[in-house]
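Down below is the structure, laid out as structure tokens.
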Amino acid sequence: MSVLIFLKAAIHAGTPLLFATLGEVLTEKSGNLNLGVEGLMLLGAIGGFSAGMITQSTVVAILAALLAGALGGLIYAFLTVTLRANQVVTGLSLTIFGTGVAGFVGKLFMGRNLPENIKAVFGARPLPILSRIPVLGTIFFQHNVFIYGGYLIAIALGIYLYKSKPGLNLRTIGENPHAADASGINVNRYKYLHILAGSAISALGGAYLSLVYVPVWQENVTAGRGWIAVALVIFSMWNPYKAIAGAYLFGGLDIIGFRLQQINFPLSQYIIDMFPYIITIVVLVFSSIYKKRDHSPSALGVSFFREDR
Amino acid sequence: MIRISKRLELPPYLQWLIRASSIIFALIIMSVFLLALGHNPIKVYSAMVTGSFGTFFRFRKTIELMIPLSITALGILVAFKMKFWNIGAEGQILMGAFAATFFALKFAYLPRPLLLILMAIGGSLIGGLWALIPAFFKVKYATNETLFTLMLNYIAIKWIIYLQYGPWKDPQQAGFPKIPDFSVNATLPTLGGIHVGWLILIALVIIAHIVMNKTKFGFEIAVIGESKNTAKYAGMSVNKVILSTLFISGALGGLVGMMQTSGVHGTLSTSITGGIGYTAIIVTWLAHVKVHLIPVIGLLFAVLIQGAFFIQTAFQIPHSVADILQGMILFSALGSEFFINYRLHLVKNRRAKRVVK
Amino acid sequence: MNKVIELKGIVKKFGTVYANDQISFDLSVGEVHALLGENGAGKSSLMNVLAGVYQPDDGEIIMNGERVTIPSPRHSIDMGIGMIHQHFKLVESHTVLENMIAGVKSRLFINYKKLGKELTELSQRYGLQINPFSELNMLSVAEKQRVEILKVLYRGAKILILDEPTAVLTPQETARLFDIINSLKSDGHSIIFISHKLDEVIEISDRITVLRKGKHIDTLKNEHLSPRSLTNKMVGKAVELKIERTKTDYQDILLEVNNLFVFRPDNSQALKGLTFKLKQGEILGVAGVAGSGQKELCEAIAGLQDKITGEILFKSENICGKSPRDIINLGISMSFVPEDRLGMGLVAGMDLVDNVLLKAYLKQPGIFVNRQEAQKEALNLIEKLNIDTPSVHTKVSKLSGGNIQKVLLGREIELQPELIITAYPARGLDIGSAHKIYDLLNEQKIKGNGIIFIGEDLDVLLKIADKIMVLCDGEVTGIVDPDLVTREDLGYMMAGKKLERGEVG
């Protein structure tokens, strides 16, 4: 039974990672590597939390998180797409900027609790029928609506990328923007739209942390999850379906230290806390050793200029 | 309609003029933000300067920030020159500090010069080895170094916290989790009121400048950064150079860790870095990966951080404003490169214009 | 005649260089109009203006009598223009079908089955057999080209622009392409055919426009034209287009390769047991369709391939598996002009001095580099080869393709190597410069040095090489005497067919 509860909690803990990873998948499919996921998550976290505190409305809180992420994405897109700035450094700057903004605005809400009505919206809502499936029902279908939203976005993203026409156009851009351009695809418009959408989705991961996971404002609430999400994109080979598995696996790793300490596991909690990071490294190394084929978009990280030859 | 085309190379002075204006542009944008908060931006900016240089104490604080920022940036520079994106300086500093603290606590009986030298060597060695781990995997399996070095930062932080709460907890602190303070023997001496790190910084800048610009090793680093294929083609031992460079990169971080524990904080905790490992990345980037500009940009950022501390008390502006300002300067500097590399033309709208339905 | 397109006074500048200077051009319905000119004459630039890739600095574009602007490739496609670029603009990891439909407006979801049928029908109509579901990286170069042609037809193009389409084809594939062009023409399409090869232009086109150094020289009807007069228009002066094959009588074997296997990173075989000999004072030409193992062969000898087996004997010293540094340390002087100039031979972001230093620094004494020496050498190269550069401190990436090529070749030849490996040395050069390079290589040959010459222009190979090795899919189909075989013979060999005659040791 306790294993079931652990797995259920792993999904809870993996949800912020799932959103962040899905958003980054979308961005990277357009050929842009955004290392600012941590910053986007922080923007989403503070955007959602502050709007929730001020308006007491869940819908506004979610919209504000999306908007905050999209604005962060807009800065990134303007610099890397229009001004063709270095994507790595722009992403790092976005993280610094997001940390600053979240810290600045967060000062006003330090240690304060979310209104009860918002907390109530995100209470557990077992899904009819599905939640009664033995084992799977308990693990997957007795959660809050935010978690179900994660499932939906992952699946929708998969269908979009692999079955739809705009998805094909997007993948073409990520592989070879010059080919896409010659095919009549508006490369920059696609990049903008998908970076904005991707950033907004990543920001939802931050909002999950501040609205659901720890509904009290605390400084640096993301604690490096944005970076793990960047690694998870590689781990999941840019595939939204695999991202689901990856995110929940890492969610489990995130909480295992605390759980093991509860059962007096003979290893310091602080050492166990290293596990997610160590596993990320192990995954990175293994995926580089055993990469049969490089799944990353071929034009990832390269700016596009039509008159380049 | 505006058209964009690539430029031929701009003369260097114009390039730097554009870059300098980008920083001013960021300060202007920030002024609007400060105005909105009800502050006079000129007062705030001038307070940041006086907060950094107004008294000897403040000046010392500023230099104490500039030293680790610049040395760390030098370490990052050698890696970045090779396009090895080492963003693990934070962890390299902490691991260096860990090694230095090991000697400071376990060999406190040694004479001061010997102990300090041991601490410096130990710090550099462990910092260097810490950076060698991702370098090894990069060389062997082309593993992504950006994420690898970043994950190592978090591991280093957890390691220090583990020491602080576990084996190295000071028994005299009545349960308060803190690593013991260093003895006098383990403390860096001062020269002119500031720890001797400033002398080390000057020496390192000169050495780094010569190595990067005049030696075969520096040439090899630069060529590898441009193209590994070309480097191999020219007969360079690419892997050996990458590994040695990363060892040096990490060792400089480790040395900073030693200096921060021994010269500034007198003990080990995760706060000895104060985010220097990340800020130094920005310093390196803004210095355009050029050694002689590192101390200049390093000082600028020291002022920015020290000034932000000052305005926090003087104007009740949260310290996170420093992060926002850093972000703004970076965005602006990043964007300015566009105007260095491209030209904009205004094309007059010609009369007849029929674009297909 | 009915004009579909008229270009009037088109100007396109890159920095201070005029790629097109007041060029006028027109295309009639159902004609094949060739655009003839040397490398760098401005043919591709002019056509990229039509394709919406480049924006002209001045001039007018008139389509069916109306003045238009073409601000993007999308607009160009909508006007019925389809350009088949010299470097294919395709996604290697996608299927043929995905490549073809990307960017075409359609329903939200893709019906792969239905589209597959549609495309198969379309391809059969023009005799272009292509399986819409095969992945692009499984196709040959000629097949990829057919995908590009199909792609523009699928978008409803009535005007096709083919940019140097024959450069990558064997003579037989070229003949097949000409059949396709003729069937398109009889179907009412208008075609612009870009080439620098006279005989092809004369064979396929109705009219010929000659460009030189960005300027319009002449537009002629393709009737009773002499190749000689066309060449003179193209080059600008009466040129002696003879490539000498100087005879030498060295007998010593310089390089002997036995049973050489090279494996790609995924462990597939790039070279499958190559065996050949190269004498001193000999030029060994290597022919083959792009990607037949030429690159791996060069790199294996130069020490740049890791997974290799077999023997590479340089004056009976086995250098197989040795790194470039090992080879230098053995005292072997070998030069290598790789195909990827800026990705391997030169450092794009460094100036001429540092690029000369690249090959010299290891031999300099001490731990410091000596840039004065390199600068002297760089100045020497600039003078000797007429390299057009603002200064020795200009980044090579800012130079034109031809000048980049001269820097690389010049540096490599100046090293006085015993063995020169050169991949496509004349690519991107105008005829004059190309001949200068051939002369330099012949000079080296007379000195007794051996040369491996990877070529794409079969006519040049037939003239300059002492013997020609033909590669197909990593295997040698034959090593032949150029005096005993024709271009067509080489074409068959490139496709993998063994030849009964002409074989030499």
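Brief remarks follow.
- Inter-label distance, residue C:121 to residue C:315: 6.9 nm, where each label sits 7 Å from its Cα along the C-beta direction.
- Separation of the residue A:129 and residue A:308 label points, Cα + 7 Å toward Cβ, nm: 5.1
- Judged by the ratio a/c of the largest to the smallest principal axis of the C-alpha gyration tensor, the range B:147-187 counts as oblate, that ratio being 1.5 or greater while a/b is no larger than b/c.
- FRET efficiency, residue C:67 to residue B:7 (Cβ-Cβ, R0 35 Å, nearest 0.05): 0.70
- Straight Cα distances below 16 angstrom link residue B:169 to the aspartates and glutamates B:181, with same-chain residues fewer than 8 positions distant left out.
- Helical mean residue ellipticity (222 nm; -39500 (n - 2.57) per DSSP H run of 4+; nearest 500) of the protein assembly as shown: -17000 deg cm²/dmol
- Each peptide in C:259-266, B:91-98 receives the mean, over its residues, of other Cβ atoms within 10 Å, and ordering these scores from highest gives B:91-98, C:259-266.
- Listed by Cβ neighbour count within 10 Å, with the fewest neighbours leading, C:100, A:53 appear as A:53, C:100.
- Each residue in B:342, A:213 was given a count of other beta-carbon atoms within 10 angstrom of its own, and listing them fewest first yields B:342, A:213.
- Sequence of C:320, C:472 once ranked by neighbouring C-beta atoms within 10 Å, starting from the fewest: C:320, C:472
- Magnitude of the charge dipole for the protein assembly as shown, about its Cα centre and with charges confined to Cβ atoms of Lys, Arg (+1) and Asp, Glu (-1), is about 2700 debye.
- Within a straight-line Cα-Cα reach of under 21 Å, residue C:114 can be paired with the following lysines, leaving aside sequence neighbours fewer than 8 residues apart in one chain: A:163, A:165, C:105, C:151.
- Shielding by partners for peptide B:153-163, expressed as the average number of C-beta atoms from other protein chains within 10 Å of each residue's C-beta, is 5.
- Signed unit charges on C-beta, dipole axis of the protein assembly as shown, positive-most listed residue B:306, C:42, C:425: B:306
- Mean Cα-pair separation over length for the range A:161-278, i.e. relative contact order, pairs under 8 Å, 6 or more apart, %: 10
- Sparsely packed GluC sites (Glu not before Pro) within the range C:458-505, loop by DSSP, other Cβ within 10 Å at most 12: C:500
- Net charge dipole, the range B:221-357: roughly 1360 debye, given to the nearest 20, about the Cα centre with Cβ charges of +1 for Lys and Arg and -1 for Asp and Glu.
- A straight chain from residue C:179 to residue C:447 at 0.36 nm per residue would run longer than the Cα-Cα distance by 91.8 nm.
- With contacts taken as Cα pairs under 8 Å at a separation of at least 6 residues, the range B:9-123 carries a relative contact order of 12 percent.
- Note on residue C:484 and residue B:214: the model spin-label points, each 7 Å out from Cα along the C-beta direction, lie 6.3 nm apart.
- Per-residue mean of C-beta atoms belonging to partner chains within 10 Å, peptide B:93-106: 0
- Cross-link reach list, lysines versus residue B:232, counting only Cα pairs under 19 Å and skipping chain neighbours closer than eight places: B:81, B:83, B:138, B:140, B:216, B:240, C:295, C:307, C:322, C:359, C:363
- Burial ranking of peptide ranges C:153-165, A:17-29 (average Cβ count within 10 Å, highest at the top): A:17-29, C:153-165
- Between the beta carbons of residue C:207 and residue C:307, assuming R0 = 60 Å, the FRET efficiency works out to 0.70 to the nearest 0.05.
- Placing unit charges on the Cβ atoms only, positive for Lys and Arg and negative for Asp and Glu, gives the range B:61-302 a dipole magnitude near 480 debye about its Cα centre.
- Based on Cα contacts under 8 Å between residues 6+ apart, the range C:112-264 shows a relative contact order of 14 percent.
- Relative packing of peptides C:187-200, B:250-263, A:235-248 - highest average C-beta neighbours within 10 Å first: B:250-263, A:235-248, C:187-200
- Residue mean of other protein chain beta carbons inside 10 Å, C:68-80: 5
None of the figures in this text is laboratory data; all of them are computed from the coordinates on show. None of these values were measured; they are calculated from a predicted model. Neighbour counts are summed over all protein chains in view; Cβ atoms, including those assigned to glycine, are modelled from backbone coordinates with ideal geometry.
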